[in-house]
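To start, the structure itself, in C-alpha cells.
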Amino acid sequence: MFERFTQDARSTVTGAVTEAERTGAQRVGEEHLLLALLALGALDPLDVDRAAISADLAAARRRGGMSKADEEALAGLGIDLTEIVSRIEETHGEGALSDPAPRGRSGRPRFTPGAKKILEQSLRIALGRKDRHISTLHLLLALLSRPGTSAEVLGDHGITYAGAEAALTG
C-alpha cells in the first residue's frame, strides 16, 4: 500500500513517527498523523491555527486520549477527569496516562491499531474517489471519517470532512 502514497503522504507517515518520538510516545497514534499533517502545512489552506490544534492534542494526551465526550460522560456520573489526571500526575509525573506500549524491534515506535486504520481508510477513500495515489488529502479525510480525538479536535476548529474535501480539491 505504501507504494501508492505520494511523497507528501510518505513524509506525513514518517513525520508521524518523528512526532511520536518528539513527544516521548511509545506508539504512533492518529494524533501524530495529524501533527505531521500540520507540520507539513497540509492544513494551511483550511486556515487552521496550528498552535491551538497542537495544544488541544496535547491536552487530550494528558487525559489519556479520552475525548471531551468521555469527559462529559464521566462528569455526568460525578467523576471529575481533570482532578483524576491531576492526582495521577502528582504521583507519577506529567503524561503518566500516555500509552506505555512497547516499541518495535527496531526501537522505533509501533503504529496503534487506530493509526493503522487511518492508513487503511485513506486507501479506501482514494479508491472511492478513483484516485490513483494516496495523498495528504486522503489521510486528512481518513482522520475526519473516524471517531476519535483527532476528528474531535479538528471538528472543534470547524474542520469537517465535507469542508476539507471541498477546500482541498477545488
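Go through the range 134-150 residue by residue and tally those that are out of contact with any Gly (no Cβ under 9 Å at 6 or more places or on another chain) and at pLDDT below 95. Looking only at that region, the number is 1. Restricting G163, G155 to residues that are assigned to a helix (DSSP H, G or I) and either among the acidic types (D, E) or closer than 17 Å to E31 by Cα (or both) narrows the list to G155.
Selection over the range 148-163 of residues that are over 11 Å from the mean Cα position of the chain (by Cα), surrounded by fewer than 20 Cβ atoms within 10 Å (Cβ to Cβ) and on the phi < 0 side of the Ramachandran plot gives a count of 7. Scanning the range 1-45 for residues that are of a type in the set (F, W, Y) and in a helix (DSSP H, G or I) gives a single hit, F2.
The values are calculated or read from the model by the stated rules, or taken from the named source; none is laboratory data. All values reported here derive from a predicted model rather than from experimental measurement. For neighbour counting, all protein chains shown are included, and Cβ atoms are generated from backbone atoms with ideal geometry for every residue, glycine included.
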